[in-house]
Amino acid sequence: MTNQNAALDNSPLMPQVPLLFEESVPGRCGAILPKPGVDETPLPADLVRGALALPELSEAQVVRHFTRLSQRNFSVDGQFYPLGSCTMKYNPKLNEEAAAEEGFRRSHPLMAGTYTQGNLELMYRLQERLKSLTGFEGCSLQGSAGAQGELAGMLMIRARHRGGSGDTRRRVLIPDSAHGTNPATCTMAGFTAESIPSGADGAVDMEALRESVAGEKAKTLAGIMITNPGTLGLFERNIAEIIRIIHNAGGLVYGDGANMNALMGIIKPGDLGFDVMHLNLHKTFSTPHGGGGPGAGAIMAGKTLAAFLPGPVVVRDPEAASAGPAMANPASANPAAAGPVYRLEKPPSSIGRIKSFYGNFGVLVRAYAYIRTLGTRGLRRASEYAVLNANYLRALIRDHYPTPFGPERPCMHEFTSSPNLGKDIHTIDIAKRLIDYGFHPPTVYFPLIVKEAFMAEPTETETKETMDAFAAALEAIAEEARTSPELLKNAPHFTPVGRLDETAAARNPVLRYIPGAE
Ligand SMILES: *Cc1c(COP(=O)(O)O)cnc(C)c1O
């Protein structure tokens, strides 16, 4: 069992302080309320619940309980988190400070525009930065997730086709390596998803693509949803030709921009001819995410679709231009005097709102702070390091974790391996064992076209030492697979609960603590 001890030495999960759940003692109290200055009156009887078994605890007990609970989780601030496709990058603390600024934190979405000029200016500036970074005409910050941005983009494509060549264009092509949200949003927007195969080099099969828009078929084509770099971590070298083929057939091109971490400051998707694309502000531009949000899926659109963007978007009043930017000019602190510079407006053919109010404002502040901190050159360097790190890690582990698609090509910011540790060892076993070594497992079993997929994205901020340690853990696991495979099969060993039945957990979730239950 020496190997198990090796994992133990590395694991930040040990030793574990036991988590107590039944600490309540009758009469113990966490807060002492001051004596009221008015006479006490009993509450109306129908408002009082007699048998409410609330725990009675001191403040310190409550703090320790919840702090320990929080430490039972993996986080970017605690561990290496190389989750492919989800860009779990380090979130600079400066962004948190900016988002927590009093004026941002305390503003309310129903406040009049004259009082929220600073918020609106930040949104306007973010729209402009994102436009120049991606080469698009228009930007809406309404989307609260990547998937919602996708839905908005597909509804925009639908709206445009309806107003033009009729409602007969319903087919949307989607490469078979796509993220599951692509076919889902396409279907929700009323289209039919059609899968396009990938070749051995991981690129879209061009013959299949041409065939699917040939002759009469062009008339029913709505467009394509495509991710570049694709989820195999490879740049789609035929992207210009693919866009040309789709446009010639009368279709529009949706770009899934979740992989923008490979391209910042290097390529502008708008220049390539994409018609609409979402950005995952909560992946590419930092923001703690995972576990369901909050997020921001900015929607970027070119000439063809900018008028259809969901709204409102922030516009700058050209008349008020002389007043100067509200944020930079304290003299215009009384905004009513100069007249508001920034206001909300719906694009002319807008598909409407896709969210209440203005999007997840706190995430927008973080994205703006991130962009301003790095600047255009810094963003480019971040992408370059993201790509360099992924290639370094891929090379370190390729003996036991080879890349089946395009193995001879450099990868982009992530790569997808197919581990070969023996026929009885599955990716799930490797992933669970990695937890014992103190690493968050990469994305597993996605993309679906890769056998036993193991998809890693180290991101730009990881040190060489961290990636070396991760590679060493993967090598140790490969050795364990040979000498003591049961270590992998029963992993994880050092967590409060071991291998879970994930299907049962998803089907019958227990979402709250039930006293006395197992
Ligand atoms: C994360 C991701 C999405 C969806 O974004 P959410 O913000 O999770 O809704 C779509 N496509 C790709 C490639 C992604 O990685």
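The values are calculated or read from the model by the stated rules, or taken from the named source; none is laboratory data. Computed from a prediction, not measured in an experiment: that's the story for all the values here. Positions of Cβ are backbone-derived with ideal geometry, glycine not excepted, and every protein chain shown enters the neighbour counts. All accessible areas refer to the heavy atoms of the entire protein, side chains included, with ligands and DNA or RNA removed. Shrake-Rupley method; radii C 1.70, N 1.55, O 1.52, S 1.80 Å.
Observations on the model:
- Filtering segment 488-518 to residues that are surrounded by 10 or more Cβ atoms within 10 Å (Cβ to Cβ) and more than 16 Å from residue 441 (Cα to Cα) leaves 496, 505.
- Residue identified as open to solvent by 10 Å² or more (accessible area, probe 1.4 Å) and either within 12 Å of the ligand (Cβ to nearest atom) or over 10 Å from the mean Cα position of the chain (by Cα) (or both) among 299, 266: 266
- Against the list (1) more than 30 Å from residue 365 (Cα to Cα); (2) among the β-branched types (Val, Ile, Thr); (3) touching a Pro at 6+ places or on another chain (Cβ under 7 Å), the condition residue 226 fails is (1).
- When each of 48, 25 is tested for being at pLDDT 90 or above and of a type outside the set (Phe, Trp, Tyr), the lone residue that passes is 25.
- Those residues of segment 269-296 which are of a type in the set (Gly, Ala, Ser), farther than 22 Å from residue 416 by Cα and within 12 Å of the ligand (Cβ to nearest atom), in sequence order: 291, 292, 293, 295, 296
- Under the condition of being over 16 Å from residue 253 (Cβ atoms), aliphatic (A, V, I, L, M) and touching a helix residue (DSSP H, G or I) at 6+ places or on another chain (Cβ under 8 Å), the residues counted in segment 164-210 number 2.
- Test: residue in segment 303-314 that is part of a loop (DSSP other than H, G, I, E, B), open to solvent by 10 Å² or more (accessible area, probe 1.4 Å) and touching a Phe, Trp or Tyr at 6+ places or on another chain (Cβ under 8 Å): yes
- Residue in segment 431-445 that is among the β-branched types (Val, Ile, Thr), part of a loop (DSSP other than H, G, I, E, B) and in contact (Cβ under 8 Å) with a residue 60 or more places away in the chain present: no
For every residue, the table says whether it meets (1) farther than 23 Å from residue 231 by Cα; (2) buried (at least 17 other Cβ atoms within 10 Å of the Cβ).
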| site | (1), (2) |
| --- | --- |
| 108 | yes, no |
| 111 | yes, no |
| 131 | yes, yes |
| 139 | yes, yes |
| 150 | no, yes |
| 168 | yes, no |
| 172 | no, yes |
| 183 | no, yes |
| 191 | no, yes |
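- The listed residues are 126, 83, 130, and the only one of them that is within 16 Å of the ligand (Cβ to nearest atom), within 21 Å of the chain's Cα centre (by Cα) and in the same structural domain as residue 258 (by TED's automatic domain parsing) turns out to be 130.
- Here residue 379 meets the list (1) among the hydrophobic types (A, V, I, L, M, F, W, C); (2) buried (at least 23 other Cβ atoms within 10 Å of the Cβ); (3) over 24 Å from residue 94 (Cα atoms) almost entirely, failing just condition (3).
- Looking across 237, 210, one residue alone is of a type in the set (Lys, Arg), more than 29 Å from residue 443 (Cα to Cα) and open to solvent by 10 Å² or more (accessible area, probe 1.4 Å). It is 210.
- Residue match in segment 235-258 (condition: within 23 Å of residue 361 (Cβ to Cβ) and within 12 Å of the ligand (Cβ to nearest atom)): yes
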